[in-house]
Amino acid sequence: MAKAFLGSPVLRVGLDEALRGDTDPATLSGHADHPPRMGFFTDTSVCIGCKACEVACKEWNAIPEDGLTLTGMSYDNSVGLGADTWRHVAFIEQRKPLAGQVAGVHHEPTGQLVGSGTPPEQATVTPTTPAGDGGEPGDLRWLMSSDVCKHCTHAACLDVCPTGSLVRTEFGTVIVQEDVCNGCGYCIPACPYGVIDQREGDGRAWKCTLCYDRLSVGAEPACAKACPTDSIQFGVLDELRERADRRVRQLHEEGLPDARLYGHDPDDGVGGDGAFFLLLDAPEVYGLPPDPVVSTRDLPDMWKHVGLAALSLAGMVVGALFGRRS
Amino acid sequence: MGLRTFIESWPVYRQLTGDDPLGRGSASYSRTTKTLVPRTVTAEKVVKSICPYCAVGCGQNVYVQDGQVTQVEGDPDSPVSRGRLCPKGAATKQLVTGSGRQTRVLYRRPHGTDWEELDLDTAMDVIADRVLESRRAGWQDEVDGARTNRTLGFAHLGGATLDNEENYLIKKLFTAMGAVQIENQARI
Amino acid sequence: MPGLGTSFGRGGATTYQQDLQNSDCIVIEGSNMAECHPVGFQWVMEAKARGATVIHVDPRYTRTSALADIHVPLRAGTDIAFLGGIINHVLQNEAYFREYLVTYTNAPDVLREDYQDTEDLDGVFSGLDREGRSYTPSSWQYEGAQVQAASGQRDQQYSERLSRHSRGETTGSGGPVGGEPKPQRDETLQHPRCVFQVLTRHYARYTPEMVEQVCGIPRDLFLRVCQELEENSGRDRTSEFVYAVGWTQHTVGVQYIRAAAVLQLLLGNVGRPGGGIMALRGHASIQGSTDIPTLFNLLPGYLPMPYAHADEDLDAFVEGERADKGYWTEMRAYTVSLLKAWYGPAATPENDFCFGHLPRLTGSHSNYETIHAQLDGVCKGYFLMGENPVVGNANATLQRLGMANLDWLVVRDFSLVESATWWKESPEIESGELRTEDIGTEVFFLPAAAHTEKDGSFTNTQRMLQWHHQAVEPPGDARSDLWFLFHLGRIVREKLAGSLNPRDRAVLDLTWDYPTKGALAEPEAEAVLAEINGFDGEGRPLASYEQLEDDGSTACGCWIYCGVYADGVNQADRRKPAEEQDWIANEWGWAWPANRRILYNRASADPDGKPWSERKALVWWDDESASWTGHDIPDFDRHVSPWHRPPEDATGAEALSGVDPFVMQSDGKGWLFVPAGLTDGPLPTHYEPQDSPFDNLLYGQQRNPVRQLMPPREHNRYHPSGSAPGADVFPFALTTYRLTEHHTAGGMSRWVPYLSELQPEMFCEVSPELARLRGLEHMGWATVVTARGAIEARVLVTDRMTPMTVQGRTLHQVGLPYHWGGNGLVRGDAANELTHQSLDPNVHIMETKALSCDIRPGRRPRGAARNELVREYRVRAGITEKTGTEI
């Protein structure tokens, strides 16, 4: 009872302000003397698909096992981010060359290739992308990418959370507070990336916390620490963005014109991500939305009404309690 | 919890009185969030170790609380691994603390259809008898006129995740007992 | 690892993982490093970031290939043809490092006149005894000299001695050189019988066209690899090879590694930063388990186990084994010190230091012979410690049938692995071939302690010992193997106390008084380490193997580990943070020999002791201090100048000159040609695998003529190969492998949910073309069949498997990970139900990386019908007990 009661009367107002321009989310969330905004830069060009991030995350956060099913989606048997998978490594087999790489394979041209979204039971081969395009006989690359909660600058999950379970930390990250969440599930459809999810048999919402507890003592998140090739880099977001810019320029020079940053732009639909990526192909190829927009952009008016109602109610309660005391 | 504390812990109160008028951050912190301390910090000891899986030899730090392993992660000091681990190394805590481990001696009698329990001391004593009997039965003083001083009555096959000290005692004891069929994964 | 041992002198990786970052070109072949050694792979990525070219040669496009610059698909089992092709290219184009080659290798040494090469004998060497299926290697010697084998593998000479059943052979093929002239060296490399010329002729037929036909590697791609290696070798640049069991698990596996050694010596890449050969081993202490061997043919420190000979005593044993030049001359000191460590005060000069206590060999007693000894009712008891052979070893059926014929079996493991439960559930129980009630084997399952529950050291893949500390007590009945061995020994000794039977003397004489600690009476691992390190007469720890004496005044359990407990300090537990050290980091752990990290590093300097180039400087001669110095600890006598030339009559280490970097070799040189020490030839030669879809295009000789075959058994039939009738019943090449997410036979991963969910089921990988050919559906089921068994697996149809053109026809390969079995959280048929037992003759390793198979859609038949299917295939292929056993 206490949880629901304590959790419920949070007022999420003023989203319009928060949604404009480059912002300092931690300050806007009441963290006056906060540390610099921290985040992830996942450089997928050096990912070896080992999934150490998935396991290190699970060990640290005591996340349940997420099903023992072979999917047929290349070496990806975790399928996607969810309540029980906070890091997810995608595997994409493509009939496309990786600049400068000699793949050494030779396949007959075929029109049977299927896209990465094809259900494996309908696929004649490991789903490859792009679909339909037979590619050259010797073309092959195997892209791997570790996905994670984006810790959006404008986080819709946080906007819609009625209990205050979802909060912005002093590091600018977004976390779910498991002792507050009442399992209402509003946050789930709100996430433009489909990250946050309800746990079966528990009902509460779960996602990456960017290891908030570890950050609080100056340690790095478990996934970044484990990553054998430093594909997952953790640090001050501004520094990561500079590093990422250099890296993407380097890859362009090395003949990878498709290399691009994703979630790195503060002017994108979510105000930029706290966890952004260097991809070697279009976001859709990795199962990422090409142009994510914070789903609460049109919500504030509605929420203002709800919020004001709650505020007046809460004010009355507080006033009554304190008035009596003084 | 006193009333004032109760009220002050109420997010909306903090929201109205603190730096977080929007209730998006500090005002909404729960007690757990505010008091969160990672178990790597509260551990009573950190033990230096080495990953037991492959032969890269990654350094591990093993965190212990109340006689239990609470976390295993890479040792950043290691010049080989620099604090990193692969998925197997990262799963070490589950390997050593998980329910997949069998922790009791089991015994299957000849022609038996199921396991039975057996206490460890008895098992050790019976095994010693069995080894001595097989050693005797398979003993060869000589073969084709050349002294062999050995037994073919029992054999050993070891994994290669054993410690050097363990391998040393295997070789020392079984060789002294005359066994020559002593092998390990290194060939396999 | 005799491939390395005979070439360079020590059977271990010549370098260490961090040094990969210094390489200009890394060839990963026979290894899937990114998947199987992901954390070590960070050093490959470092090199790549610095501009190195990364080449992955593998039948499959793997996660390693995905990060490589060049993936070279090759037909499984043809690596020697590929490497031989590169050797030929280097020789034909004079791309070798001439000064290095002339000074540091045996290229100039002149061979005997009666040596005949595979060129002369259509694929075999002189000295082949066709009846005995073995070589007499005397004709492989240098002119006028006989040399001793290198460390790491010396047992073959005993096999030869044995096979010839003569008594005058204690100085046999690998006998000492004492008193004989030094080999004639022609440093112009022109003498027709010098190693260089023999090598050139041997590889002349390994042309790019031949590589294309044999390996299925297009000519352009092959030439690109040659170019990368040649351009990235020399004074200023170095290339490195990385291998793992993709090279060792073949009937000619040792020669795979030898081929890389020949190439690296030609290119001058050994003993230098970013060069050498990195052997990647799959288990935490697999290097340690050959250094301190639980292997039938070795004693600690690669001392050979004695063979049975009439009247052989310690002197004769040592005389028959030691070399007169190099560090092996101190073999008597190593042996006596070992006997003192084991038998303590009982070992005296008068009783030959209890040398007679050691059991004697009469042939191979490898695990595969042991299985057959079980089937024959000779071996009646079996200890399995952390090993799951019915999943991890070749021919699972024979493994189970062997165990079903035992009196007793002890399994020590974390979980109930398949090797502990086969009497309840197994394919043979399912088929009715075995009935639980009929199986008389008594089985003891003893739970094992984890590494967090005990102290001890692992020796990693770069010969480095690292100590792990106990963190908690083991749960329940779980105990360390140290505990098990110590207490088993204690109980056995109690039961034998007072025995007058001579055979019990060795047990009762053992030093077995290790201190114990705690409620569980756990032996002190550090006390065992101290014994391994060794001590003098006063019990003071030794600091180096150079202190070992042959008079019984020192004891040492493993001479190559002497120094790991120097000054009474556990050197394996040194943990000075990497950031506080240079890139060598030699204050972390302790590496044998003598904490050197890059072996043979004298070769990093030119003959005058100067680094070949500044960029590749490692150790060099310092005139001022008149000693060797540098970044690493010199793997050379510090005070022997580059210009030192020993007197003719010098012996031992004193016989090595200032330009002999390979200090463990009897002549101090890297061996392109191995005159002694290998059973199957002095030069790597391509032979087809035991089961192959193809004829050997290079020679009339199809397979390694001296490969080790097991006695015929119905469950271990071989396939017809190439153009032989019936070979087309098994038209595809099959290779087995590991995945990142699991560990070997699964005992440490299939019971771990976080790993199991990542790779939850047995699968096979095939190309879209093979899928079409055989009607296989992605995610459907396939049955893979060999003459040994039939298994089912889910199908992954993937572009990563490529068809290739070999000898004018399309070859498809089938990939099978081998982690699964019938127990655990995730299950599947074991790939080793399909493999056969035929072994490399040097090291007795089975061939599981290249065989032939058929694949068909659908699940396998159940019960007895499964055996019926396999039988039907055998009949259709005309397989008899003779098939594939031709020499």
### Message
For segment C:642-656, give me the residue count where each residue is without any contact (Cβ under 8 Å) to a residue 60 or more places away in the chain and buried (at least 16 other Cβ atoms within 10 Å of the Cβ).
### Response
2
### Task
Report whether or not C:T294 is within 30 Å of C:F383 (Cβ to Cβ), free of Cβ contacts under 8 Å to residues at least 60 places away in the same chain and touching a helix residue (DSSP H, G or I) at 6+ places or on another chain (Cβ under 9 Å).
yes
### Summary
Subset of segment B:66-91, residues within 18 Å of A:I63 (Cβ to Cβ) and either at the interface with chain C (Cβ under 7 Å from one of its Cβ atoms) or touching a Cys at 6+ places or on another chain (Cβ under 8 Å) (or both), comes to B:V69, B:L85, B:P87, B:K88, B:G89, B:A91
### Filtered residues of segment A:56-75 (kept if more than 9 Å from chain C (Cβ to nearest Cβ) and not polar (S, T, N, Q))
A:A56, A:C57, A:W60, A:A62, A:M73
### Task
Would you mind stating whether C:A830 is aliphatic (A, V, I, L, M), within 14 Å of chain B (Cβ to nearest Cβ) and either at negative phi or under 23 Å from the mean Cα position of the chain (by Cα) (or both)?
yes
### Residue that is nearest to C:A13 (Cα to Cα) [pool: residues in segment C:442-464 that are within 7 Å of another protein chain (Cβ to nearest Cβ) and of a type in the set (A, V, I, L, M)]
C:M464
### Message
Considering only segment C:721-729, I want to know if a residue exists there that is crowded, with 23+ Cβ neighbours inside 10 Å and in contact with a Ser or Thr (Cβ under 7 Å, 6 or more places away or on another chain).
### Response
yes
### Query
Quick check: anything in segment A:234-250 charged (D, E, K, R) and at positive phi?
no
### Task
With the condition kept exactly as written, say whether any residue in segment C:209-232 is within 14 Å of chain A (Cβ to nearest Cβ), surrounded by fewer than 21 Cβ atoms within 10 Å (Cβ to Cβ) and assigned to a loop (DSSP other than H, G, I, E, B).
yes
### Query
When residues of segment C:488-524 are filtered for being touching a His at 6+ places or on another chain (Cβ under 8 Å) and part of a helix (DSSP H, G or I), how many remain?
3
### Task
Scan (1) over 20 Å from C:T294 (Cβ atoms); (2) in a loop (DSSP other than H, G, I, E, B); (3) more than 7 Å from chain B (Cβ to nearest Cβ) for the single condition C:G476 breaks and write down its number.
(3)
#### Entry: Candidate set: segment C:585-609, residues that are assigned to a loop (DSSP other than H, G, I, E, B) and without any contact (Cβ under 8 Å) to a residue 60 or more places away in the chain; chosen: the one surrounded by the fewest Cβ atoms within 10 Å (Cβ to Cβ)
C:D608
### strands (runs of 3 or more DSSP E) contained in segment C:710-813 and holding at least 2 residues closer than 17 Å to C:A830 by Cα and more than 14 Å from chain B (Cβ to nearest Cβ)
C:732-737, C:763-766, C:781-785, C:790-797
### Task
Could you tell me which numbered condition C:Q264 fails, if it satisfies all but one of (1) under 27 Å from C:L709 (Cα atoms); (2) without any contact (Cβ under 8 Å) to a residue 60 or more places away in the chain?
(1)
#### Entry: Pair list, Cβ under 8 Å, 6 or more apart: segment C:329-354 residue on the phi > 0 side of the Ramachandran plot, other residue aromatic (F, W, Y) and assigned to a helix (DSSP H, G or I)
C:F353/C:Y343; C:C354/C:W342; C:C354/C:Y343
#### Entry: Filter result for the condition that a residue is within 14 Å of chain A (Cβ to nearest Cβ) and polar (S, T, N, Q), over C:Q92, C:Q21
C:Q21
#### Entry: helices (runs of 4 or more DSSP H) wholly inside segment A:181-286 containing at least 1 residues that are closer than 29 Å to B:L85 by Cβ and in contact (Cβ under 8 Å) with a residue 60 or more places away in the chain
A:212-215, A:222-226, A:237-253
#### Entry: Residue list for segment B:47-96, filter: in a loop (DSSP other than H, G, I, E, B) and of a type in the set (A, V, I, L, M)
B:A55, B:V56, B:V80, B:L85, B:A91
### Tabulated pairs, segment C:30-56, first facing chain B (nearest Cβ under 10 Å), second surrounded by fewer than 24 Cβ atoms within 10 Å (Cβ to Cβ) and in a helix (DSSP H, G or I), C-beta under 6 angstrom, 6+ apart or interchain
C:W43/C:Q18; C:W43/C:Q21
### Task
Answer yes or no: is there a residue in segment A:243-264 that is of a type in the set (F, W, Y), buried (at least 17 other Cβ atoms within 10 Å of the Cβ), at pLDDT below 95 and more than 22 Å from B:G25 (Cα to Cα).
no
### Query
Just for segment C:412-441: of the residues that are facing chain B (nearest Cβ under 9 Å) and of a type in the set (A, V, I, L, M), which one is nearest to C:L384 (Cα to Cα)?
C:A420
### Task
Would you check if B:Y63 is modelled with pLDDT of 95 or more, within 7 Å of chain C (Cβ to nearest Cβ) and either touching a strand residue (DSSP E or B) at 6+ places or on another chain (Cβ under 8 Å) or under 26 Å from B:I127 (Cβ atoms) (or both)?
no
### Query
Hey, any hits in segment B:106-115 for a residue that's buried (at least 20 other Cβ atoms within 10 Å of the Cβ) and either out of contact with any helix residue (DSSP H, G or I) (no Cβ under 9 Å at 6 or more places or on another chain) or more than 7 Å from chain C (Cβ to nearest Cβ) (or both)?
no
#### Entry: Considering residues of segment C:385-411 that are touching a Lys or Arg at 6+ places or on another chain (Cβ under 7 Å) and facing chain B (nearest Cβ under 7 Å) only, the residue surrounded by the fewest Cβ atoms within 10 Å (Cβ to Cβ)
C:D407
### Task
Kindly indicate whether any position in segment C:66-81 is farther than 30 Å from A:P228 by Cβ, in a helix (DSSP H, G or I) and at pLDDT 95 or above.
yes
### Task
Taking the residues in segment A:1-33 that are in a loop (DSSP other than H, G, I, E, B), within 18 Å of A:I175 (Cβ to Cβ) and facing another protein chain (nearest Cβ under 9 Å) as candidates, determine which candidate is modelled with the highest pLDDT.
A:H31
### Considering residues of segment A:76-111 that are out of contact with any Phe, Trp or Tyr (no Cβ under 6 Å at 6 or more places or on another chain) and assigned to a strand (DSSP E or B) only, the residue nearest to the other protein chains (Cβ to nearest Cβ)
A:V102
### Query
All but one of (1) of a type in the set (V, I, T); (2) closer than 28 Å to C:S613 by Cα; (3) crowded, with 24+ Cβ neighbours inside 10 Å hold for C:T78; which doesn't?
(2)
#### Entry: Checking C:G356 against (1) within 14 Å of chain B (Cβ to nearest Cβ); (2) surrounded by fewer than 24 Cβ atoms within 10 Å (Cβ to Cβ); (3) not in a helix (DSSP H, G or I), the condition it does not meet
(3)
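The values are calculated or read from the model by the stated rules, or taken from the named source; none is laboratory data. It should be emphasised that the depicted structure is a prediction, and the values quoted were computed from it without experimental measurement. Cβ atoms come from the backbone with ideal geometry, glycine included; neighbour counts cover every protein chain shown.
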